[in-house]
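Undergrad: Mind looking over this structure? Questions follow.
The values are calculated or read from the model by the stated rules, or taken from the named source; none is laboratory data. The model shown is predicted, which means the values in this text are computed figures rather than measured ones. Positions of Cβ are backbone-derived with ideal geometry, glycine not excepted, and every protein chain shown enters the neighbour counts.
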There are 2 protein chains.
Amino acid sequence: MPYFDAASSAPLHPVARQALLAALDEGWADPARLYREGRRARLLLDAAREAAAEAVGCRPDELVFTPSGTRAVHEGIAGALAGRRRAGRHLVVSAVEHSSVLHAAAAHEADGGTVTEVPVDRMGRVAPGAYAAALREAPDGVALACLQSANHEVGTLQPVAEAAEECAAAGVPLLVDAAQSLGWGPAAGKWSLLTASAHKWGGPAGVGLLVVRKGVRFRTASPADERESGRSPGFENLPAIVAAAASLRAVRAEATAEAERLRGLVDRIRARVPALVPEVEVVGDPQRRLPHLVTFSCLYVDGEALLHELDRAEFSVSSGSSCTSSTLTPSHVLRAMGVLSEGNVRVSLPRGTAEAEVDRFLEVLPGVVAEVRERLGAPRPAGAEASAPAPEPELVVDSLGKRCPIPVIELAKVIGDVPVGGVVTVLSDDEAARLDIPAWCEMRGQTYEGERPAERGVAYRVRRRD
Amino acid sequence: MPYFDAASSAPLHPVARQALLAALDEGWADPARLYREGRRARLLLDAAREAAAEAVGCRPDELVFTPSGTRAVHEGIAGALAGRRRAGRHLVVSAVEHSSVLHAAAAHEADGGTVTEVPVDRMGRVAPGAYAAALREAPDGVALACLQSANHEVGTLQPVAEAAEECAAAGVPLLVDAAQSLGWGPAAGKWSLLTASAHKWGGPAGVGLLVVRKGVRFRTASPADERESGRSPGFENLPAIVAAAASLRAVRAEATAEAERLRGLVDRIRARVPALVPEVEVVGDPQRRLPHLVTFSCLYVDGEALLHELDRAEFSVSSGSSCTSSTLTPSHVLRAMGVLSEGNVRVSLPRGTAEAEVDRFLEVLPGVVAEVRERLGAPRPAGAEASAPAPEPELVVDSLGKRCPIPVIELAKVIGDVPVGGVVTVLSDDEAARLDIPAWCEMRGQTYEGERPAERGVAYRVRRRD
């Protein structure tokens with residue numbers, strides 16, 4: 001049963017399992033105690049810290065274990081902001097950070113701080129010089145900047161080394177969220193803080209890493225605690241920490257070969273999906289990307305129905321479509337990139353994924369997409385439209401109350417009725433339409449003329465170009 | 001090898017190990033995802049929450065899993081204080097709470113809040129009516145009160161049900177830290193919030209419980225997160241959560257019989273230690289106490305040396321003596337009780353402790369204590385003092401720069417030199433002396449006349465009574 005959602009949580013690496021079992025027997029006692037069980041636990045903890053620090057490329061005393069990647073991010077950002085409070089209260093993040101970073105930024109704003117979101121291009125990549133510009137134009141002294149090493153939804157690698165240089169030149173520490181990439185290799189450049197999450201590389205749940213370079217001002221926001229240099233309160237989750245460190249070392253040993261193999265499989269998906277499925281946009285940087293992750297969006301497809309059908313066909317994938325989110329808004333990453341969000345599928349291959357599984361996915365996908373489109377009454381693929389009935393001079397499509405992808409399907413159905421050069425207006429109150437109608441226009445060579453508030457919802461104007 | 005420090009961390013219960021292994025295979029995926037691996041993880045999480053809630057005696061939607069008991073305490077206190085900010089900024093705690101509670105209280109004070117510490121008696125127990133009095137006398141509106149179900153250092157049970165009633169009458173929520181007792185049974189009374197820690201009952205590290213009753217005002221202090229009702233951010237540590245819930249159910253099934261058995265063994269220690277070892281004070285309530293825990297302090301003994309010798313004899317115990325703490329201050333619990341802290345030993349028996357292990361401990365202990373006393377040049381047991389040299393009218397013992405238990409040993413050595421009714425002054429800069437000199441006076445029937453600052457350190461005056 002092919003599980004293609006490693007970017008959410010990777011299956012446990014065999015080394016992690018083995019180390020966890022051993023540490024359950026040897027590492028259940030309190031490492032702060034002086035008796036033999038405590039000393040044994042302390043040795044395991046010290047060894048795990050050294051192994052993790054070596055993989056990160058830092059000193060062991062710069063690294064603490066946290067209960068999750070999310071907590072590492074929350075506490076890293078809060079601690080760095082508090083430590084640099086005198087420098088100012090401005091925070092710079094990219095628009096495509098993980099939600100944990102954006103939530104920490106929102107908490108900072110709620111607390112009276114200010115935040116700049118650095119935009120990305122259509123590949124999801126921050127432009128060189130963008131961090132320097134954000135630092136220059138900040139309304140207040142900048143306390144901290146954050147940039148992910150690689151995007152978790154589209155796989156695009158970020159120019160971390162360049163951003164770190166730009167930050168260093170401005171005297172601002174850079175926190176790198178390396179959650180998606182640490183299993184593949186250390187983060188580049190001279191960052192100041194780094195966070196990661198063990199269950200993303202095949203380690204167990206319950207372990208994050210927070211690295212704070214010596215000399216970086218840091219003041220822990222949580223109540224005092226003697227464990228983990230005072231930076232991560234609570235009894236250490238030692239068996240999981242041991243398993244996390246052991247599996248990080250193990251995945252690193254396999255990383256080069258496995259990255260090459262998975263890159264080949266992802267290249268196959270990137271090349272074949274647009275050939276097999278009409279009206280697909282593969283998103284994210286085709287070159288500078290994570291080896292195991294590819295994302296594409298299918299026009300006229302309901303993401304939730306697509307995931308459900310793929311699950312029935314035994315493929316587990318995730319989606320940034322609005323209908324798959326609890327808030328019914330499309331992924332902030334796809335939104336920041338300005339790409340299509342409807343019918344979105346993220347495939348992230350765990351280590352060891354068999355070629356045959358990928359091939360079967362490519363076999364199954366076209367039928368599944370076609371079935372979902374059929375069910376929704378989507379228009380036939382481009383160039384195969386039925387001949388149009390009598391045109392109207394100024395067409396209005398009322399899609400109020402209808403959810404993604406229906407507004408775009410209705411737009412596509414009537415565009416043939418509009419004379420070339422004529423305009424169609426789509427009324428929609430679905431948040432995804434704001435992203436998907438312009439994206440559809442770009443994909444189909446139509447002219448998007450903008451939006452304006454309507455009596456109910458928003459009116460989106462599209463001019464037929466051909 | 002007898003491990004007698006269950007109150008620090010209990011060895012993993014076999015059911016916890018078994019459940020953890022099963023959940024490693026079934027529960028590594030993201031329970032928020034809709035595909036089969038995610039649904040399977042969600043089922044495990046829901047079942048664990050129901051089992052834990054049943055053991056606590058609350059609704060499943062009132063309980064969230066946190067990464068540790070410490071985090072449950074920190075986040076429970078911060079959330080309750082934030083939720084009741086309008087009611088006031090005063091926090092009431094007992095003086096013998098776990099350090100996680102006191103650290104959260106200190107953080108609240110640093111943030112501008114106020115705190116009352118409710119004192120305890122020589123048994124370590126809060127007096128009935130003490131919470132009502134603290135609420136009445138609070139300088140500001142009281143947002144929250146905290147009381148442990150049982151003390152972690154001396155085992156004394158607290159009057160939680162009474163305190164909950166006193167708090168309810170004042171309209172103040174009571175948070176009960178049930179870390180030491182939840183494995184033995186649910187917390188009594190109508191508390192509002194409850195915290196616990198799985199590795200204290202034989203569950204794995206990495207899991208705490210935070211229960212917030214419906215209707216209790218609560219505002220999570222950490223950044224937004226969709227997991228665990230927004231009260232505990234980060235990817236769920238699912239295998240450990242499953243193991244925690246399964247082991248809680250398992251230890252509860254054995255609790256009545258095992259409590260009775262361990263209570264018998266602890267009674268034996270409580271009765272035999274003072275008979276076998278001279279100059280010992282057994283502390284904590286002899287009746288209203290945890291079944292598996294007993295604490296005693298040995299005069300003229302260095303706690304660290306005692307622990308070291310017991311470890312050599314293969315007994316793992318802990319201590320509240322200043323010399324075993326990283327801050328070189330005696331346990332705040334012993335200090336609040338006003339009992340002797342030097343040569344302190346806490347024995348907390350894990351489930352399944354064999355009678356023979358306890359007997360062997362009682363065999364070994366007298367020799368170990370005698371050896372440590374011998375090495376320190378401690379006076380012979382009471383009534384066996386050597387005849388004194390010529391007395392001086394006003395004796396001063398300079399113990400500056402000497403650590404616990406040396407100042408008390410030097411005091412004991414010269415007290416025979418002081419004429420009955422005469423005074424000896426001990427100069428000491430060791431924090432433990434403040435507690436141990438008065439405690440020694442009480443044990444030995446001497447009159448403690450108080451302290452005053454000296455040119456260096458503190459001068460402690462003791463009048464010879466007999």
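Undergrad: Given A:VAL369, A:VAL294, A:VAL283, A:VAL301, which one is over 21 Å from A:ALA433 (Cα atoms), in the same structural domain as A:ARG263 (by TED's automatic domain parsing) and buried (at least 19 other Cβ atoms within 10 Å of the Cβ)? Break it down stepwise before answering.
TA: Details: A:VAL369 fails: over 21 Å from A:ALA433 (Cα atoms); A:VAL283 fails: over 21 Å from A:ALA433 (Cα atoms); A:VAL301 fails: over 21 Å from A:ALA433 (Cα atoms).
Matching residue, one of A:VAL369, A:VAL294, A:VAL283, A:VAL301: A:VAL294.
Undergrad: Sticking with this structure for a sec: Sort through B:ALA23, B:ALA32, B:ALA51 and tell me the only one that's within 18 Å of B:ALA250 (Cβ to Cβ), in the same structural domain as B:ARG227 (by TED's automatic domain parsing) and either of a type in the set (Asp, Glu) or surrounded by fewer than 22 Cβ atoms within 10 Å (Cβ to Cβ) (or both). Steps first, please.
TA: On the way: B:ALA23 fails: either of a type in the set (Asp, Glu) or surrounded by fewer than 22 Cβ atoms within 10 Å (Cβ to Cβ) (or both); B:ALA32 fails: within 18 Å of B:ALA250 (Cβ to Cβ).
Answer to the check: B:ALA51.
Undergrad: Out of B:GLY124, B:GLY129, report the one residue that is farther than 27 Å from B:SER8 by Cα, out of contact with any Cys (no Cβ under 9 Å at 6 or more places or on another chain) and not hydrophobic (A, V, I, L, M, F, W, C).
TA: When all the criteria are applied, what remains is B:GLY129.
Undergrad: As an exercise: evaluate A:TYR300 against (1) in contact with a strand residue (DSSP E or B) (Cβ under 6 Å, 6 or more places away or on another chain); (2) at positive phi; (3) among the hydroxyl-bearing types (Ser, Thr, Tyr) and give the number of the one condition it does not meet.
TA: (1)
Undergrad: Any residue in the range B:309-327 that's more than 9 Å from chain A (Cβ to nearest Cβ): show its pairings with residues that are polar (S, T, N, Q) and assigned to a loop (DSSP other than H, G, I, E, B) at Cβ separation under 7 Å, as long as the two are six or more apart or on different chains.
TA: B:GLY320/B:SER331; B:GLY320/B:SER341; B:SER321/B:SER341; B:SER322/B:THR329; B:SER322/B:SER341
Undergrad: Every residue in the range B:83-101 that is in a helix (DSSP H, G or I) and either more than 9 Å from every other protein chain (Cβ to nearest Cβ) or within 16 Å of B:VAL160 (Cβ to Cβ) (or both), please.
TA: Initially, the range B:83-101 is screened for residues in a helix (DSSP H, G or I), giving B:83, B:85-87, B:99-101.
Those that are in a helix (DSSP H, G or I) and either more than 9 Å from every other protein chain (Cβ to nearest Cβ) or within 16 Å of B:VAL160 (Cβ to Cβ) (or both): B:GLY83, B:ARG85, B:ARG86, B:ALA87, B:VAL101.
Undergrad: Collect the residues in the range B:192-220 that are closer than 18 Å to B:ARG252 by Cα and touching a strand residue (DSSP E or B) at 6+ places or on another chain (Cβ under 8 Å), keeping them in residue-number order.
TA: Kept after step one, since they are closer than 18 Å to B:ARG252 by Cα, are these residues of the range B:192-220: B:194-204, B:207-209.
Within the range B:192-220, B:LEU194, B:THR195, B:ALA196, B:SER197, B:ALA198, B:VAL207, B:GLY208, B:LEU209 meet the criteria.
Undergrad: Follow-up. Based on what the data block shows, is B:PRO11 in contact with a Lys or Arg (Cβ under 6 Å, 6 or more places away or on another chain), within 12 Å of chain A (Cβ to nearest Cβ) and outside any strand (DSSP E or B)? Give the derivation first.
TA: Details: in contact with a Lys or Arg (Cβ under 6 Å, 6 or more places away or on another chain): no; within 12 Å of chain A (Cβ to nearest Cβ): yes; outside any strand (DSSP E or B): yes.
No, not satisfied.
For (1) closer than 21 Å to A:VAL372 by Cα; (2) of a type in the set (A, V, I, L, M, F, W, C), each residue gets a yes or a no:
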| residue | (1), (2) |
| --- | --- |
| A:GLY234 | no, no |
| A:LEU248 | no, yes |
| A:ALA255 | no, yes |
| A:ALA271 | no, yes |
| A:GLU281 | yes, no |
| A:ALA313 | yes, yes |
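Each row is one residue, and each column tells you yes or no for (1) at positive phi; (2) outside any helix (DSSP H, G or I); (3) touching a helix residue (DSSP H, G or I) at 6+ places or on another chain (Cβ under 8 Å).
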{"site": "A:PHE218", "(1), (2), (3)": "no, yes, yes"}
{"site": "A:PRO223", "(1), (2), (3)": "no, yes, yes"}
{"site": "A:GLY234", "(1), (2), (3)": "yes, yes, yes"}
{"site": "A:ILE241", "(1), (2), (3)": "no, no, yes"}
{"site": "A:ALA244", "(1), (2), (3)": "no, no, yes"}
{"site": "A:SER247", "(1), (2), (3)": "no, no, yes"}
{"site": "A:ALA253", "(1), (2), (3)": "no, no, no"}
{"site": "A:THR256", "(1), (2), (3)": "no, no, no"}
{"site": "A:ALA259", "(1), (2), (3)": "no, no, no"}
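Undergrad: Of a type in the set (Val, Ile, Thr) and either within 13 Å of chain B (Cβ to nearest Cβ) or surrounded by fewer than 20 Cβ atoms within 10 Å (Cβ to Cβ) (or both), is that true of A:VAL56? Break it down stepwise before answering.
TA: Values: of a type in the set (Val, Ile, Thr): yes; either within 13 Å of chain B (Cβ to nearest Cβ) or surrounded by fewer than 20 Cβ atoms within 10 Å (Cβ to Cβ) (or both): no.
In short, no.
Undergrad: Another one. Can you tell me which of B:GLY38, B:GLY76, B:GLY69 is farther than 27 Å from B:PHE218 by Cβ and not assigned by TED's automatic domain parsing to the domain that holds B:VAL364? Working first, answer last.
TA: Working: B:GLY76 fails: farther than 27 Å from B:PHE218 by Cβ; B:GLY69 fails: farther than 27 Å from B:PHE218 by Cβ.
Just a single option satisfies the conditions, and that option is B:GLY38.
Undergrad: Further question: Within the range B:266-279, can one find any residue that is assigned to a strand (DSSP E or B), surrounded by 17 or more Cβ atoms within 10 Å (Cβ to Cβ) and either under 21 Å from the mean Cα position of the chain (by Cα) or assigned by TED's automatic domain parsing to the domain that holds B:LEU45 (or both)?
TA: Within the range B:266-279, the first condition is being assigned to a strand (DSSP E or B), and the residues that meet it are none.
No, that holds for no residue.
Undergrad: Let me ask you something else. Mind listing just one residue for me: the one in the range A:89-117 that is buried (at least 24 other Cβ atoms within 10 Å of the Cβ) and closer than 21 Å to A:PHE218 by Cα and, of those, farthest from the chain's Cα centre (by Cα)?
TA: The extreme case among them is A:LEU91.
Undergrad: Out of the range B:335-361, which residues are buried (at least 18 other Cβ atoms within 10 Å of the Cβ), of a type in the set (A, V, I, L, M) and farther than 23 Å from B:GLY401 by Cβ?
TA: Matches in the range B:335-361: B:ALA336, B:MET337, B:VAL339, B:VAL345, B:VAL347, B:LEU349, B:VAL358.
Undergrad: Tell me the residue from B:ALA170, B:ALA178 that is crowded, with 24+ Cβ neighbours inside 10 Å, away from every other protein chain (no Cβ under 14 Å) and among the small types (Gly, Ala, Ser), please. I'd like the intermediate steps shown before the answer.
TA: On the way: B:ALA170 fails: crowded, with 24+ Cβ neighbours inside 10 Å.
Answer to the selection: B:ALA178.
Undergrad: Looking at (1) within 22 Å of A:ALA439 (Cα to Cα); (2) free of Cβ contacts under 8 Å to residues at least 12 places away in the same chain; (3) within 14 Å of chain B (Cβ to nearest Cβ), which one does A:ALA271 not meet, given that it meets all the others?
TA: Of everything listed in (1) within 22 Å of A:ALA439 (Cα to Cα); (2) free of Cβ contacts under 8 Å to residues at least 12 places away in the same chain; (3) within 14 Å of chain B (Cβ to nearest Cβ), A:ALA271 misses just condition (3).
Undergrad: Looking at this structure, is A:SER222 away from every other protein chain (no Cβ under 11 Å) and of a type outside the set (A, V, I, L, M, F, W, C)? It would help to see each step written out before you state the result.
TA: Details: away from every other protein chain (no Cβ under 11 Å): no; of a type outside the set (A, V, I, L, M, F, W, C): yes.
It is false that A:SER222 is away from every other protein chain (no Cβ under 11 Å) and of a type outside the set (A, V, I, L, M, F, W, C).
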